[in-house]
Each structure stands twice: as C-alpha cells, then as structure tokens.
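Everything below concerns the one structure shown next.
What follows draws every value from the coordinates through simple rules; no lab data is involved. Since this is a predicted model, take the numbers as computed values, not measurements. Note that each Cβ is placed from the backbone with ideal geometry, even for glycine, and that neighbours are counted across all protein chains shown.
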Amino acid sequence: MPSVSTTSVEDSARRNLLRYQSVLLQLGAEQDTDFGTFLNRLLKSDSAILGVDRVSFWTFEPDLSVIRCTTLYCAHEDRFSGGEEFSEPETPRYFRALREDLVISADDALRDERTAEFADTYLAEHGISSMLDVPVWRDGRLSGVLCHEHVGPQRIWQPEEQTFALAVGQFISMGLERDERRKTEEALNESEARFAALVESAKDLSLLLLDPDGRVRTGTHRVHGFPVQELAGQPLSSLFTPQDIEEGRLERALEVACREGKFESEGWLLRKDGSRYWGRIVLMPLYRQDGTLRGFVTITRDLTEQRLARDKERLLEETRRSEERQRLLADVSAIVNASLSAQRIIRPAAHVMVNNFAQGCVLTAPRPLRSSGRAPTERRVVAARGERLREELERLSEVFSQRGNWGAWVPEVSRRGRSLLIPKLGDTEINRLAGAEPARALLRELGPGSLLVVPLSARRRVLGSLVLFRGPGETPFGAADLQLAEEVGRRIAFAADNARLYDLARESIRVRDQFLSIAAHEFRTPLTTLKLQLQLVERTLRAVPEAAVPMSERRHVALALRQVTRLGGLVQELLDVSRVSAGMLDLRRDSIDLSALVREVAEIFESEAARAGSTISLSIDENVIGQWDRGRLEQVLTNLLSNALRYGAGKPVEILLRGGPEEVFLIVRDRGIGIAPEDQQRIFGRFERAASARHFGGLGLGLFITRRIVEAHRGTIEVSSQPGEGSTFVVRLPRWAATAGSRERVALGTETTQPAPH
Ligand code: ADP
C-alpha cells in the first residue's frame, strides 16, 4: 500500500513540521536571556526534536581559518561541553563546503567528501555516522556552524529536518547579533559610566553630544554650573559670548571639526548666570557606520583659574621686565651723568648693555676735538659676551667704519634718524644692511640673530649709533626692546652732545688763556722799560731844587709811576692766571719773617690809603717766621690790602697777624661795602667779580690767584662779610714745609708736590 504509506509519511512530516514550528515559536520567545543560556536551551531542544545525540555550535576565529566549539550538547550524557577546534589546513574540504553550501547534509558522514576528513579521528572517536551542519552567517560574514552529529546507524536527513536545522541556524545568528548588541551596549554603558565618573571627578570638564546642526542632545549632567537639561535642544552657541555668536563662531567650529576631524580653541564662555569663564573647547564629529554625520561630541573645560594664574604670571613677568628696564636706564643715567667725556661714557655704557640687554653692542660717538694735538684715542666701543662675537662685531665695525658708522649704512638711521629693528637677520636684511662683501659674509656669520640699530642724535644731528645684537638662541628683539634702546640712545646722545659742547667751551677758554698769556708777555717788556724811565725821572726830579719844578709837575710823574706800577700788577695777574689755570704754581720756599713782610707792604700802601681817605692799622705778633715763598705772600698781602682799600669806602683797614706754633693767621679787615652771601664763594673763582664794573675796576683775578697761592702753601683762605658793613679775609698758613729752601712745583687742588725741573 504505497499510497497509504505515502500518506502516513506525509502525515508524519506534517506533524513534525507542526512540532518544529511550535518549538521555534517557543525559542523565539526566549530572546531576552543571555546568549549562553539561549544557546544551551536551543541546542538541547534541537537535539530532542531531531533525535540527534550530539548538537553543537562552533564559532569561527576572525580570520575564518579555525572553528572552535562554543557549546556541545551530548544527549546521552545530558551534558554541555566545548573547546575542541579544527583548522582549515586539517579539513580544507569541510571549510570550503561551509563557505559554499547552504547546508551540509551528510547521510554517510564517513564517505561524504565534505565530512570524510573527520572520519578517522573525530567521527570514529565519537561513533558518528551522519552529520547535518548549517553554516551561520551574520551581516554577510560567516560566523559559525551549527552541527548535528548522529551516533548509531546511518540516518537520512529529511527535507523538513534540514529546513528546521536552517531555522535553528537562523535563530543562532539572531541570538549572536543580539548578544553582540548587548555586549556593545554594556561596553558603552561601562565606558560611559567610566567617562562620566571621570568627567564628574574633573569638575571643570563638561561633555556634550550635539546634533549635526550643533544643538545639544545630551551631556554630563551639569555643564559649568547648570543642569544639562536646560541646554538640551539649544545650540552650543548659548555658551558663547554675543560677540562670538555674531561672528559665527559655532558655524566655523562645526565646519573646521568636519573638515579637519577636530576643532580646538580657547576663549571666554558664558555660564547660565551670565558670568564669564575662560574655557577651552574641543569639538569632534561623530559618524555612523555608513559614513553619515551623526553629530558632534564637545568637551569644554573651565580654565579660568589657569588663565588667571597665567595672567598673574605674565603680569609678574612684565613687572620684572619693567624693573630690569628701569635698572638698565638708571645704570646708563648714572654713567652718562658721571662724566663729561664721551669716551668715558660710551665704554661703560656698552658694557652695561651687554651685561643686561644684549649679547653684543657697538657704540660709536663723535670724535673728541683734536685741540690738544693728540689723535683721538677711541671713538668706537665694541663689547660682547664672548670673545668670538666681540671679534666678529669688531671686524664688521671696521668694515662699516669706512663709511662712518653702522647707522650710516642704513639711510633711515643715518639721514632720517630713525631706528632699525631686525628681529631675524635673514638674507634680505643682510643684503639691505651690507651691499657688498666682505660685510655681507661677516653679517651672515652673525645670522640669524636679531639686530637693533639706534641713531644717537641730539639737536637734530646724528652723532653716532648704538648697535645691539642678540644671538640666534636668544629671544629676538621686539618693539619694547626697541623703545628701551631708543631711550638709552637718547641719554647717551644727550651726554655725548654735552661732552662735545663742553670740549668746545674748554677749547675756547684755552685759546683765550693762551691769548691773554701772550698779550701779557708782550705788555710786560715795554711796561718795565716805561717804569724804569719814570723812576729815573722821579729820581732826577728829587735832585732838582723844589722851585725849579713845580709841585704839580712832580705829582704828574708820581701819578704816572703809580699807574704804571698798577698796570704792571695787572699784567702780572694775567700772566699768573694762565699758569695757575693750568693747575701748576712754582713755589720757592725760604725762611721768612712774615711780621716784617706785612709791615713793609703796609708801608707801601700808606700813600694809597691816604688817597682813599683811609688808614691802615696793624696788630702784629713779632717774629712770625715760617717757610714760605716771599714773593707769593707779598702778592697775597698786596691783593687783600688793595681790595680792602678799594672796597673799603674810606674807612679804616686793619691787619692782624697771629703766630701759633704750627700755623699763622693773617687777617685783613675793612668796613666797606661788604660782599653778599651768595657771592662769597664765587669771588675766589677766575674772572669772578661781585662789585659793579663801573665803579670799581679790576679783572676779577686777584682773589683767584690769592687762593691758589695760599693753597699751594697748604693753607686756606676764607671770607666773612655783611653787605654794607665790611669784609674780613682770614688766611691760615702752616708754618713749616718738608721742602724748605728748594723750589717746588705744586699741583693745585691735590696734595702732591714734586721738585720743579731746573
Ligand atoms: P678784582 O680785581 O675785581 O678786585 P678780585 O679777585 O680781587 O678781583 O676780587 C673779586 C671780587 O670780589 C671783586 O670784584 C669784588 O666784587 C669782591 N671783593 C674782593 N675784596 C672785597 C672787599 N674787601 N670788599 C668787598 N668786595 C670785595
């Protein structure tokens, strides 16, 4: 009864299918469980439904060359195991079938060419006769195999059994996908949790996820002081300042992030309360698997504290720099104020610059005047940290000096008096500075350092230049450095100009003194002759009876003689002044009796006193002996006494001489016009006068020479006076000197003495 039997076979197949479907539905409902449990249940049900002893699932290694048994259910032991593996080189045909066949249905596993490779080992070992294997694919990739291994007599796999096996394979594929998704989620959750913890722990960090248009989707629950929910749906720019919003900072940031994979910037951001904070923003795009933009991730960090600290640091640095600058200026000022010689200014100034500001310095100042006939000693100073640099700068300056100075090479420095700042000495700058060799090569040796050339100009004239150099390893010169160098340049130029004027003034004084001294010399010879002639006439007249020559005639001769004597005195003063001005005075010390000398001089002045309507009274200690230059002390007495009579307004004049054991005091007092306090020091200076030139003649040299003579004797002279009440001049003279009886040349103003050349 084939028809009956056919019907019963169909019936049983239909029954089986119904069973399978109900099992599959049941399995479908178990999708919540984890993959391991799900797989165990699946393999166990599969084994039961199909009546197969060994049902297993094998997983491919990523390179698809090895399969490893994830789980094997063995029905007769009711046990799960796993771990066995096969590689493609061992069973190449089986691996090929896995790739190519939908299902490997081997009724006779020992002979089926796809499974025969297992025959001697695996199949024999476990008594397997038939195999029904289903490759499991996922996302177009082979990911495992579901294996049915029938133990016992061979079995023919029915089509519905194969379909069922395929369906189970499909379930595994789905289970795998679920598992993977869950694992990814778990990993994500875990990493998110870790990240959130990290973010929370760093309270100055905020993380935001943005939509592709830059609106906030979610983020760490607080964003710099306020809950992220309040930001949700808002554009990220709600953290930005109005100005940044206006300038389209967000759009720019999104665009840069997309183009370059990352956008980073620092700037002021806003908190919800409107307060600002200094923040750093990092923005990165997130892409889906298909490459479309999913959004952005933004990390902002509050760096206000760091910024404040940085600002403070910068402020401190600026203060430090400004202090340094002040110090440098103070040092330069001290140098320029200390001397009136340009040579004495530029050398220390160059060294100060090198110690504090630059590595090398070349300072050129105007040549000193050639008045003395000496060649100028130096007009350029090169200073540097390190001998090599100094030599390089020296060589370069030598080449440049053929045109004057460094500044002369650059028109804006030499002609327009402008400074030149070269932060980096490159080829262009070198060509500009030095048109030709060897200057070019020398400059190249300096490169790529930085250079400052500042003109030294005063009263619109460029007098020289200040060149400063910093090596390649140093911070290049900047605008602030230029300013400072210009200030230094101004001070040096001012001082150099003053020094030049001072030189000029000194030179004209020297010329004048020279003229006076020559003139005095020329006057002296005819005057001496004239005086001798007059003295001769006077003597002759004395021998002539009084009646023969009238008194009036005699007086004329006496007057002429007095005037000639006076003229002689003036000429002597002029002669003395040029000597004394040169700082030298010859003394011839002898043992002299000052009491006698005072008396003699007073006597000579008697007639002059009478003419002035005055008297001279003496109060003199006797025998005041000391080692002095007689002629010079006579000059002192003459000067003081003639002044006392001239400015004494016809009132009595007193001379006092007091002798102590070591020193003597000579005092000349009058009761005349007196000297104003402000003039009392000045009158001892050269050509200094306090009285009106109209009423009182004189050159203003008497007291100057007097003081020099007294000082050459190591004495002092002082005046005390009240205008309208008279003046008192006090001369103090030490009595003794080490070099009595000899001539000495005294360097005035110092303590040194040396024997005069004979
Ligand atoms: P001069 O030839 O002008 O007198 P001196 O050097 O002797 O030069 O004196 C300098 C100035 O000091 C005088 O011009 C005068 O103004 C003042 N002087 C000097 N001696 C007296 C004095 N005894 N009384 C008032 N003034 C005096």
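Return the distance in nm (one decimal) between the two label points of a simple spin-label model at Glu600 and Ala738, each offset 7 Å from Cα along Cα→Cβ.
2.9 nm
Lys and Arg at +1, Asp and Glu at -1: add these up for the other residues within a Cβ distance under 12 Å of Leu123 and post the number.
Values: positive: Arg54, Arg111; negative: Asp108, Asp112, Glu117, Asp120, Glu125, Glu149.
Net local charge, Leu123 excluded: -4.
Report the local net charge at Arg68: Lys and Arg +1, Asp and Glu -1, summed over other residues whose C-beta lies under 10 Å from its C-beta.
Working: positive: none; negative: Glu61, Glu84, Glu85.
Result for the local shell: -3.
To make sure I understand the rule: partners must be aspartates and glutamates, Cα under 18 Å from the Cα of Lys424, and not fewer than 8 residues away in the same chain. Which ones qualify?
Of all the aspartates and glutamates, those that pass the test against Lys424 - Cα under 18 Å, at least 8 places apart if same chain - are Glu392, Glu445, Glu474, Asp481.
Sorted by packing (mean other beta-carbon atoms within 10 Å per residue), highest first, where do 668-681, 287-300, 245-258 land?
668-681, 245-258, 287-300
Count charges around Asp497 for me, please; just the other residues with Cβ under 9 Å from its Cβ, Lys/Arg as +1, Asp/Glu as -1. Present the calculation step by step, with values, prior to reporting the outcome.
Numbers: positive: Arg459, Arg461, Arg500; negative: none.
Net charge in that neighbourhood comes out at +3.
Could you work out the Kirkwood radius for the chain, taking every pair of different alpha carbons, averaging 1/r and inverting it, reported in Å?
On the way: mean 1/r = 0.0251 Å⁻¹.
Its Kirkwood hydrodynamic radius stands at 39.9 Å.
Please give the helix 551-581 orientation as an angle from the longest Cα principal axis of the chain, in degrees from 0 to 90, rounded to the nearest 10.
20 degrees
Could you calculate, for the stretch 541-619, the ratio of the Cα radius of gyration to the Kirkwood radius, expressed as Rg to Rh?
On the way: Rg = 17.8 Å, Rh = 16.2 Å.
Using Cα coordinates only, the ratio equals 1.10.
Can you list the equivalent-ellipsoid semi-axes of the stretch 583-755, largest first and in whole Å, using the square root of 5 times each Cα gyration tensor eigenvalue?
Working: eigenvalues 140, 74, 35 Å².
In descending order the semi-axes read 26, 19, 13 Å.
On a 0 to 90 degree scale, rounded to 10, what angle separates helix 594-604 from the longest Cα axis of the chain?
60 degrees
Name the aspartates and glutamates eligible as straight-distance cross-link partners of Lys651: C-alpha to C-alpha under 17 Å, and not fewer than 8 places from it in the same chain.
Straight-distance partners of Lys651: Glu606, Glu608, Asp670, Glu725.
How much space per residue, in cubic angstrom, does the convex hull of the C-alpha atoms of the stretch 464-610 take up?
Values: hull volume 36.4 nm³, N = 147.
Hull volume over Cα atoms, normalised by residue count, gives 247 Å³.
How much length is gained on full extension from Ala232 to Arg111, taking 0.36 nm per residue of separation minus their Cα-Cα distance?
On the way: separation 121, 0.36 × 121 = 43.56 nm, distance 6.69 nm.
Gain on extension, Ala232 to Arg111, equals 36.9 nm.
Calculate the spin-label point distance for Glu85 paired with Lys272, positioning each point 7 Å from the Cα along the beta-carbon direction, and give it in nanometres.
Between Lys272 and Glu85, the simple spin-label model gives 5.5 nm.
Run the simple label-point estimate for Val544 and Arg347 please: 7 Å along Cα→C-beta, distance reported in nm.
In this crude label model, Val544 to Arg347 measures out at 7.1 nm.
How big is the C-alpha Rg of the stretch 623-692 next to the rule-of-thumb value 2.2 N^0.38 Å, as a ratio? Write out the running numbers ahead of the final one.
Values: Rg = 13.9 Å, N = 70, 2.2 N^0.38 = 11.1 Å.
Cα Rg divided by the expected 2.2 N^0.38 Å: 1.26.
How far is helix 304-338 tilted, in degrees, relative to the longest principal axis of the Cα atoms in the chain, given as a value from 0 to 90 rounded to the nearest 10?
20 degrees
So what is log10(I(q)/I(0)) for the stretch 310-506 at q = 0.15, 0.19 1/Å, when the Debye sum runs over its Cα atoms only?
-0.89, -1.37
Under 28 Å Cα-Cα from Lys272, which lysines qualify once same-chain neighbours fewer than 8 residues away are excluded?
Correct list for Lys272: Lys203, Lys262, Lys312.
At 0.36 nm per residue, minus the direct Cα-Cα distance, what do Glu474 and Met174 gain on full extension? Give it in nm, one decimal, please. Mind dumping the intermediate values first?
On the way: separation 300, 0.36 × 300 = 108.00 nm, distance 6.84 nm.
My answer for the length gained is 101.2 nm.
Compare the peptides 593-600, 358-365 by average per-residue count of other Cβ atoms within 10 angstrom and give them in order, highest first. Numbers along the way, then the final one.
Numbers: 593-600: 17.4, 358-365: 26.8.
Top to bottom by mean Cβ count within 10 Å: 358-365, 593-600.
Under the Kirkwood approximation for Rh and a Cα-based Rg, what ratio Rg/Rh is obtained for the stretch 199-302? Could you put the intermediate results ahead of the total?
On the way: Rg = 12.9 Å, Rh = 13.6 Å.
Expressed as Rg/Rh, it is 0.94.
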